[in-house]
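Below: one structure, written as structure tokens.
Taken together, the values in this text are just the output of simple stated rules run on the coordinates, not laboratory data. Keep in mind it's a predicted model, so treat the numbers as computed, not measured. When we count neighbours, we look across all protein chains shown, and the Cβ atoms used for this are built from the backbone with ideal geometry, even at glycine.
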Amino acid sequence: MRMIASLSLAVLAFAPFAIAAQSNSVASALSSPRMALKAPSAPPQVVALTPPMGWNSWNFFAERVTDKDIRAAADNLVATGMKDAGYVYVNIDDTWEGERDATGLLHTNEKFPDMKALADYVHSKGLKIGIYSGPGTKTCGGYAASLGHEEQDAKMYADWGIDYLKYDLCSFIPDVMEKQAPGDKAAQMKLMIAAYEKMGAALKATGRPIVFSLCQYGWDSPWEWAPALGGNLWRTTGDIDAHWDRIYTILEQQDGLAKYVGPGHWNDPDMLEVGNGKLSLAENRSHFSMWALLAAPLLAGNDLPNMKPAIKAILTNKDVIAIDQDALGKQGKKAYSDGEVEVWTRELSGGALAIAVINVGSDRYSTHPFLLNLQRLGLVGTQAGKNLWTGKDISLTNRMPLEIPSHDILLVRIASPKMAP
Ligand code: GLA
């Protein structure tokens, strides 16, 4: 891919700053633009009241995606029951873009002959449609992006009937940040935030409810400033891929971010890889369970027309989806870890509690059988719950031994947890 090579270079060149941006000095250098963005003008949220659910073309099709694939995805969301399970957004990722004409209007390329007709088709299935661009001159794939055409593009999306925009930083780094503020990382971050604010305002000005998804890899704590500029979700990390190590690395990076989410604004640990690559069933289950526990957007990224029944069963597990979509909108947290086992919990509406016990290790070590410590979760006595992967009732007791195979998970919903006084 011509594009990805240059993206990697840009990202690599910027990587040291990704770390530096976490430091207090940079945070304080940026305090003034954040203050301005935190003004009481945060737009009322009418979209993404629960984490968005749907499908995105990138993780399986990448740059090969066509109009036909998007229609097939829409058809299959309906045929497989995924639409009924809550997956409504059909999102076209990068590589749909053609060239701008003399008026600046961006045309689609030959893979997408008629975007309005495609949007109408997706809508005719009772689904919604998403699209992709970025604040630079080029997208990550090297296609035309929105720099200098933000209002024009937002209006075009609204005219097409677009319901969701993923806005990906990429070439804005060399195009604007490094050019306009060479060596001044704080000033570069201000430029980045302003670029997202600009598209947020352009989308708002269309009057159409459009989910605004920020894709800038979690640089400079977007959870602190994205909601005020209309962001409904923001990537918290670099790209996911269909390997357990990458999924686990991303999972660990979510710890500590729970306090930033709520109805209308969500951390995005990236799209699902369930059903992709060589992930085992246990890994697919754990990945899906943990994204639900994190109140993450559930954007499937697999080959829907060829989905295996076991993958469909994971993606359509209504109990697990209900954890993700819980109306309270609280993200789960890691309670503790012990050896290769981690225990995470998520508070749910009605006083319920989800507990995930996951074996993140590549094998079973000395901690097996793992003795579940309910006291460390603030619970006392026997807890009656439902095992969300077997569908059976389960009673959790303190110090009960659990055998959890490598990369597998026990996910339990306790309707009425007995909390320590
Ligand atoms: C970046 C994003 C990915 C995908 C590609 C498309 O890498 O993080 O999710 O959108 O660009 O080029």
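Which value, in nm² and rounded to one decimal, describes the direction-averaged projected area of the C-alpha convex hull of the chain?
Numbers: hull surface 82.2 nm².
Across all orientations, the chain yields a mean hull projection of 20.6 nm².
Calculate the length of the line joining the C-alpha centroid of the range 372-388 to that of the range 131-188, in whole Å.
That distance is 47 Å.
Can you tell me which aspartates and glutamates have their Cα less than 19 Å from the Cα of residue 83? Leave out same-chain residues fewer than eight positions away.
69, 75, 120, 163, 273, 303, 319, 324, 326
Checking the table 166/204; 68/128; 125/155; 128/166 against a 20 Å threshold on Cα-Cα, which pairs fail?
Numbers: 166/204 15 Å; 68/128 16 Å; 125/155 24 Å; 128/166 14 Å.
Over 20 Å Cα-Cα: 125/155.
Give the range of the longest stretch in the chain that excludes all trypsin sites (Lys or Arg not before Pro) found in loop regions by DSSP and having at most 10 other beta-carbon atoms within 10 Å.
On the way: sites that count: 278, 392, 399.
The longest uninterrupted stretch comes out as 1-277.
Could you size up the charge dipole of the chain around its Cα centre, putting +1 on the beta carbon of Lys and Arg and -1 on that of Asp and Glu, and report it in debye to the nearest 20? Working shown, then result.
Details: 40 positive and 46 negative charges, 208 e Å.
Using only the charged Cβ atoms, the result is roughly 1000 debye.
Report the relative contact order of the chain, percent, no decimals, based on alpha-carbon pairs under 8 angstrom and at least 6 residues apart. Can you show the working numbers first?
Values: 875 pairs, mean separation 59.3, N = 421.
Rounded, it is 14 percent for the chain.
For the range 173-324, what are Rg and Dmax over the alpha carbons, in angstrom?
Considering the range 173-324 through its Cα atoms, Rg and Dmax are 17.2, 52 Å.
With 10 angstrom as the radius, rank 80, 95 by how many other C-beta atoms surround their C-beta, starting from the fewest. The partial results should precede the final answer.
Working: 80 19, 95 24.
Taking fewest neighbouring Cβ atoms as first place, the list is 80, 95.
Ranked highest first by average number of other Cβ atoms within 10 Å, how do 377-383, 321-327 line up?
Numbers: 377-383: 17.3, 321-327: 19.3.
Highest-to-lowest ranking by the protection proxy: 321-327, 377-383.
To make sure I understand the rule: partners must be lysines, Cα under 21 Å from the Cα of residue 333, and not fewer than 8 residues away in the same chain. Which ones qualify?
259, 386, 418
Along the principal axes of its C-alpha atoms, what lengths does the range 307-421 span, in descending order and rounded to whole Å?
37, 36, 24
So, with +1 on the Cβ of K and R and -1 on the Cβ of D and E, and no other charges, what is the size of the charge dipole of the range 163-232 about its Cα centre, to the nearest 20 debye? Intermediate values should be presented prior to the final figure.
Values: 7 positive and 8 negative charges, 39 e Å.
Here the size comes out at about 180 debye.
How charged is the neighbourhood of residue 159? Take every other residue with its Cβ under 14 Å from the Cβ of residue 159, and add Lys/Arg as +1 and Asp/Glu as -1.
On the way: positive: 116, 155, 208; negative: 114, 120, 151, 153, 163.
That works out to -2.
Per-residue ellipticity at 222 nm for the chain, helices alone: DSSP H runs ≥ 4 residues times -39500 (n - 2.57), over residue total, nearest 500 deg cm²/dmol?
Values: 14 runs with 136 residues, N = 421.
Per the formula, -9500 deg cm²/dmol.
Could you work out the equivalent-ellipsoid semi-axes for the range 44-197, taking the square root of 5 times each eigenvalue of the Cα gyration tensor, largest first, in whole Å? Write down the numbers at each step before the final one.
On the way: eigenvalues 169, 63, 39 Å².
Gyration-tensor ellipsoid for the range 44-197: 29, 18, 14 Å.
Between the DSSP loop rule and a limit of at most 12 other Cβ atoms within 10 Å, which GluC sites (Glu not before Pro) in the range 51-115 are left? Present the calculation step by step, with values, prior to reporting the outcome.
On the way: sites: 63, 97, 99, 110; in loops: 110.
Taking the range 51-115 and a limit of 12 other Cβ atoms within 10 Å, the loop GluC sites (Glu not before Pro) found are 110.
Under the rule of at least 5 residues apart or a separate chain, name every residue whose amide H is placed under 5 Å from the amide H of residue 129.
Amide H neighbours of residue 129: 90, 163.
List the residues, sorted by chain then number, that are 5 or more residues from residue 264 or on another chain and whose placed amide H is less than 5 Å from its amide H.
Counting only residues 5 or more places away or on other chains, the set is 49, 50.
So what are the ³J(HN,Hα) numbers for the range 336-351, from phi and the Karplus equation (6.51, -1.76, 1.60; θ = phi - 60°), rounded to whole Hz, Gly and Pro as x?
6, 10, 8, x, 8, 9, 10, 10, 10, 9, 9, 6, 10, 5, x, x
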